[in-house]
Structure formats: structure tokens, C-alpha cells
Amino acid sequence: MKKIYSLVTTLLLLALLTACSNTETSKESSSKQPVDLTVSAAASLQDALVELQKTYEKEHTDVNVQFNFGGSGALKQQIAQGAPVDVFFSAASEPFDALVQSGDIEKSKQVNLLANELVLITPKDTNNNIQSFKDLTTAKKIALGTPESVPAGQYGRETLEALKLWTSVKDKIVYTKDVRQVLTYVESGNVDAGLVYETDARTSDKAQLVATAKSDTHQPIIYPVGIIKDSKHPKEAQAFYDFLQSDEAMKTFEKYEFKGAK
């Protein structure tokens, strides 16, 4: 009888311990929160990246991709000052290279991924007759990203200088915080023309592309992407960085008129 009682007691104890273990495991599972991965990216990448975010999060339910869009120069400053960022996707080599040189991005964890074109746009319904860069001398207001912090603005100024137009149009410039604000100003008719990337122009049904800058009038428009060295989520950052280089991601970038960097 004592043996039977002892056996029953042992079995009940084992059952209790198993139940407690399962409860603890369940608590640990339920308490595990998805990782918030912060990606600082050029404003011109917004449409493509938002689409890729949906695709990625469906396949990686343990990760929430959060974007900080803006001018690449401003984003670079934020990272240099210690902003908690995991991945940086720039619209120009200069601000990106500065972070590589400072050690904020490791050389082995960065790649030149995309390329773009600089174009001139005007409001779709307009009678201003601007059909080329030279016609900008007749404009009253021209939108351009601030060259010091917006790569598209830097490329735009280089182009206008190469075409010997800068001196005659510089007083007509309305500076913006990023390239998307240029597009907004043109779409609203607040300016006569603006300089944006081809990818931005293709997304709008309120602005029209009237001219493309020749490649020899500005620096190559390259989009490098890399992992921030001090990322709090290096594993997840590496996985997203690899995803951006995948065939699936590149097809999405091409859908938005981006080209692969050569």
C-alpha cells in the first residue's frame, strides 16, 4: 500500500512540475516581443521600401521594420550623433562614406546597391513652357533640395553649374528638406519646376517629367546601404541587409524605376 501511495505521489509531483514548466515556457514565449529594426533611408526610397517592408514582415513575424526617411545628409548627422539606427540606406556616396571612414559602418557590411537619374519636372497642368533645363531662366520659382543635406539638391546644383545656369537661377531657388518635398511643391503648383530623381517623378500623376540631366553634368547617383556597427540588433540587421540585395527585393526596386548599381 505504501509503495502504491509513493508511486501516486511521485506521479502527481511530476505532473505538477511539468505543468509549471509548460506555464513558464508559455509565459516566456508570450513575453517575447518582436524586434524593432530601425532603418534610416533616403526619402526617394520610401515607396519601394514600404512595399518591401510588408513582404519582409510577413516572412519575419519576429521583426518590426521601422523607417526614418529624410535627406541623406541629415540622416548621416543623426547617426554620427548616436541615433539608435540599425541600417542606413543613402541616396549618395558622400554622407555614407563619411560614416564608413568614422567607423560607424564596417567596410565589409556595406554595398552600392542602386542607381538613379536626375530629372526636371513641372506641374502637369501648366502653361509655363518649361521644356528643358535652359528654360529655367524663365521660371519664377524652382524647388531644389538643400544641397548641404539633400543629395538630389547637390546633384541639381552640380547640373545647373555644369550647364552654366546657376548664376541666373540661384535667386529663384526654393530649398526643401528632402526630395519628396520638391515633388510636393511642384504637384501643388507652388513652384514652376523642380529637380528630383526619376523614381520620384514616375510616382506622380500631378507632375510631368520634361528633361533628364546628362550623366556628365553631375556625380554618379549611387545608393549605398550598410549595417551600423553599434546596432543593438546585429542579427536582424544582417538579415534585412541581405534581403535588400535579394532578387525579390531588386525586382521591387526595378518596379519603382531604380536601376542596379554597376
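The values are calculated or read from the model by the stated rules, or taken from the named source; none is laboratory data. Just so we're clear, the structure is a prediction, and the values are computed from it rather than from any experiment. Every residue, glycine as well, gets a Cβ built from its backbone with ideal geometry; the counts of neighbours run over all protein chains shown. Please note that ligands, DNA and RNA were not included when accessible areas were found on the heavy atoms of the full protein model with its side chains. Shrake-Rupley method; radii C 1.70, N 1.55, O 1.52, S 1.80 Å.
What number of residues in the range 126-155 are closer than 18 Å to Leu45 by Cβ and touching a Leu at 6+ places or on another chain (Cβ under 6 Å)?
2
Could you look through the range 140-181, keep only residues that are of a type in the set (D, E, K, R) and touching a residue at least 40 places away in the same chain (Cβ under 8 Å), and pick out the one that is surrounded by the fewest Cβ atoms within 10 Å (Cβ to Cβ)?
Lys140
Yes or no: the range 111-119 includes at least one residue that is acidic (Asp, Glu) and modelled with pLDDT under 95.
To start, the set of residues in the range 111-119 that are acidic (Asp, Glu) comprises 117.
Applying the additional criterion that residues be modelled with pLDDT under 95 yields none.
No, the range 111-119 contains no residue that is acidic (Asp, Glu) and modelled with pLDDT under 95.
What is the number of the single condition among (1) open to solvent by less than 80 Å² (accessible area, probe 1.4 Å); (2) on the phi > 0 side of the Ramachandran plot that Asn129 does not meet?
(1)
Which residue is least open to solvent (accessible area, probe 1.4 Å), if the candidates are limited to the range 219-262 and must be of a type in the set (D, E, K, R) and in a loop (DSSP other than H, G, I, E, B)? Before you say what the answer is, go through the steps one by one.
Initial filter on the range 219-262 (of a type in the set (D, E, K, R)): 229-230, 232, 235-236, 242, 247-248, 251, 254-255, 257, 259, 262.
Filter once more, keeping what is in a loop (DSSP other than H, G, I, E, B): 229-230, 232, 257, 262.
On the way: Lys229: 121, Asp230: 124, Lys232: 166, Glu257: 75, Lys262: 240 Å².
The selected residue is Glu257.
Of all residues in the range 209-218, which are crowded, with 19+ Cβ neighbours inside 10 Å and either in a strand (DSSP E or B) or within 14 Å of the chain's Cα centre (by Cα) (or both)?
Within the range 209-218, just Ala211 meets the criteria.
Out of all the residues in the range 50-58, is one or more touching a strand residue (DSSP E or B) at 6+ places or on another chain (Cβ under 6 Å), surrounded by 23 or more Cβ atoms within 10 Å (Cβ to Cβ) and assigned to a helix (DSSP H, G or I)?
No: zero hits.
What number of residues within the range 156-174 satisfy the criterion of being on the phi < 0 side of the Ramachandran plot and in a loop (DSSP other than H, G, I, E, B)?
Qualifying residue count, the range 156-174: 2.
What number goes with the only condition from (1) touching a strand residue (DSSP E or B) at 6+ places or on another chain (Cβ under 6 Å); (2) assigned to a helix (DSSP H, G or I); (3) not aliphatic (A, V, I, L, M) that Gly73 does not pass?
Of everything listed in (1) touching a strand residue (DSSP E or B) at 6+ places or on another chain (Cβ under 6 Å); (2) assigned to a helix (DSSP H, G or I); (3) not aliphatic (A, V, I, L, M), Gly73 misses just condition (1).
Looking at (1) assigned to a helix (DSSP H, G or I); (2) within 17 Å of Gln110 (Cβ to Cβ); (3) among the small types (Gly, Ala, Ser), which one does Gly153 not meet, given that it meets all the others?
For Gly153, the exception is condition (2).
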